[in-house]
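Where a number appears in this text, it was derived from the coordinates with a stated rule and is not lab data. Since we're looking at a predicted model, the values are computed, not measured. Here the Cβ positions follow ideal geometry from the backbone for every residue, glycine too, while neighbour counts run over all protein chains shown.
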Number of protein chains: 4
Amino acid sequence: METGRVEAFSDGVFAIAITLLILAVGVDQARASGSLSHQLLHLWPAYIAYAVSFVTVGIMWINHHQLFHHFAGADRTLLLLNTLLLMSIAFTPFPTRVVAEFAHTNSDRRAAALLYGINFTLTAILFLGLWLYGSRRLLRPDSDMREVSGITRSYLPGAPLYGTATLIAFASPTTSLIMFAVIALFYAISSAVFGRNEDTVARTASVGDPSS
Amino acid sequence: METGRVEAFSDGVFAIAITLLILAVGVDQARASGSLSHQLLHLWPAYIAYAVSFVTVGIMWINHHQLFHHFAGADRTLLLLNTLLLMSIAFTPFPTRVVAEFAHTNSDRRAAALLYGINFTLTAILFLGLWLYGSRRLLRPDSDMREVSGITRSYLPGAPLYGTATLIAFASPTTSLIMFAVIALFYAISSAVFGRNEDTVARTASVGDPSS
Amino acid sequence: METGRVEAFSDGVFAIAITLLILAVGVDQARASGSLSHQLLHLWPAYIAYAVSFVTVGIMWINHHQLFHHFAGADRTLLLLNTLLLMSIAFTPFPTRVVAEFAHTNSDRRAAALLYGINFTLTAILFLGLWLYGSRRLLRPDSDMREVSGITRSYLPGAPLYGTATLIAFASPTTSLIMFAVIALFYAISSAVFGRNEDTVARTASVGDPSS
Amino acid sequence: METGRVEAFSDGVFAIAITLLILAVGVDQARASGSLSHQLLHLWPAYIAYAVSFVTVGIMWINHHQLFHHFAGADRTLLLLNTLLLMSIAFTPFPTRVVAEFAHTNSDRRAAALLYGINFTLTAILFLGLWLYGSRRLLRPDSDMREVSGITRSYLPGAPLYGTATLIAFASPTTSLIMFAVIALFYAISSAVFGRNEDTVARTASVGDPSS
């Protein structure tokens, strides 16, 4: 299968999953009791959970594009790995909603942080697996090998990072949740600051053109 | 109508339906009673239902692409058949949610399994119908007839397979539900293992190019 | 603005609105009381409402494509008319859910049928308005005028037809609801049976190619 | 990254967010008490909130397209700014639902109007930021500078306008809500009436073609 259609389908799942995150900001809770203004302010963990998940999934979308850019095509194994990756991306609205609702309560914060962290750890593992498989089997002949090994290096820390932040929830759920926000912020800012100029590809450049 | 736009619209419906499956994992249930960690563990049928439906719809998306790849165009009858197929694909979040919520209770497991199975049996019948109509009327002149009859052979068992798994719910709902999971696993693994090399199409290959 | 991007955006709204229709089949109702099998059978108006709305929106999507195929471009007025049309398409999940929930009860069936009918009547009016504006201002120079006036003729009955079915709800809500189903069936079958051969456009034909 | 894929992803988020607005029209409320017809009429603030948000997001989509049309490519900073913009667009269904539910009650109308206004003010600021960054760093070499400064001029009033309408909620929430509707109407009508002829781009024109 040509990668174009796999990317278009994946883009669709990313775009829908990221937009469904708003369902985590529950008007049901706001409807509960007290004045609306009090309720809306009380929802602050939901706003943060929404923003952190949105930025995280947004960065994953950018990375997903970067990976497929290096693949010459997609075989059945890659399609299966990609389906599993999309399954964990599309799962994100659920842990986001759980964190949004339960981060307030001391007793339930740990379970919420664990669920949230397990999902992103799994996503990071699947991302790495997709890349390791694809970069060995389906690489475009004109791919720059330094760039390829640079991507591999930059993807290796993802799963341990999310795994550590998840395990920290056993000691301190609050610290764990803050770490997820910090990771998202770090990736967002570092990519914006250190993003190399080569990323700017002209609108008119043909996709398969490796020159300049 | 050119098949490209029908495929794009169909891709959209597939991508949305597959992402809406997460609504089957109900935070409402988790909100009920008991500690959150207990609630989240108690949701295990919902996680499995989500994964099985996701893989099943994901495989159907890959198959849908394969079918349209062989069609030279789309007439009104094909559009109608495709609309009916999409209607059953877009229906999937409902039986998935029903299984997710009711697989726990002995008394309701049978009804949930029947609903789930009827939906996929119908989907398999519509897939076969779409292919039988399109492969007789709208085949591309350059289609490889061995590949065409290979697809026909591989699609014939789908409806009887899902139909049998559905009927088994009358004897044992649990066995029926396990069979749906096994079918999804079987299709996923067999396609990844036995997927032929020809499926790897270069990113730069033109869609209409039958050579190599 | 080139019509391609307007069509892609419109396709997205159509695809999402049609897939959100499944939210009309409420698991909340199934959760209520009685055995699950009884509840699922009791949901039959929801299944029919889902199917009728799905086929209706699906046909509207096909028609939308047909209209834009004749436009050379999109000016701001057309964009505004198209936004209003999409607004009524995206509204469809709400009346569908209302019919799905309230068609059962004698006292509320009239209000549900009126809401459902008003939405589709408005949609039909906006469709006609979009076509009348676009076909006078933005027609492609190579458009076949017989085809253009054929489309105008075929669109004129839509609004009166839906308007009549809506008004009949005052006399008999049940008849009104049946009429919406019959209209959807009629359009679906007639388009499949009488769909002309010219609709089959080769996958490789260029969009702007007026020949053959 | 080529702008085409960023635009396609953004279009997806716009299309999904605009279609999810229908969730603001809550059937839960209609299910409450009284006859259905009474309930449906009582929902009028929800219909208006839906329409105002739909038109506003629709216009923002048109503007988003206009901006990216002038960019030669997308660097990492633009991707980050665009992600933040999409985050506020995708947030819109929440304040829309809050206005839809709470505009009825005198005590909660202020909080609802503030939430609604803050969201659109933030969106307008992010729009301006995206444009100011992109128009200085990523402009296409063939961009018409008069058009570029024309866009800058037309975007400057957005944030102050929404900010003022938001602040007015402290004096009169009803006036504030009416202003949001008037702003949407104004943009819609003015763009349709004053939309220049140059906006009509031929379907066959190549995207990168600056001539004629």
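Quick notes on this one:
- Summing Lys and Arg as +1 and Asp and Glu as -1 over all other residues whose Cβ lies under 10 Å from the Cβ of C:SER37 gives a net charge of 0.
- For q = 0.12, 0.13, 0.15 Å⁻¹, Debye-computed log10 I/I(0) when each Cα of chain A counts as one equal scatterer: -0.68, -0.78, -0.98
- Its convex hull of Cα atoms gives the stretch C:1-93 a direction-averaged projected area, equal to a quarter of the hull surface, of 6.2 nm².
- The stretch A:111-140 and the stretch D:84-101 have Cα centres separated by 30 Å.
- Ranked from largest, the principal axis spans of the Cα set of the protein assembly as shown equal 63, 61, 60 Å.
- Peptide A:133-143 is shielded by partner chain Cβ atoms: per residue, an average of 1 of them sit within 10 Å of its Cβ.
- Neighbouring Cβ atoms from other chains, within 10 Å of the Cβ of residues in D:76-85, number 6 on average.
- Taking the C-alpha atoms only, the angle from helix D:3-20 to the longest principal axis of chain D is near 10 degrees.
- Every Cα-Cα pair in the stretch D:34-143 was counted, and those over 18 Å apart are 57% of them.
- Peptide-level mean, for D:4-10, of C-beta atoms on other protein chains within 10 Å: 5
- Listed residues A:ASN106, A:THR164, A:LEU20: farthest to the positive end of the dipole of chain A (Cβ charges): A:ASN106
- Pairs of Cα atoms nearer than 8 Å and 6+ residues apart set the relative contact order; for the stretch A:1-155 it is 31 percent.
- Distance between the C-alpha centres of the stretch D:152-182 and the stretch D:33-63: 19 Å, rounded to the whole angstrom.
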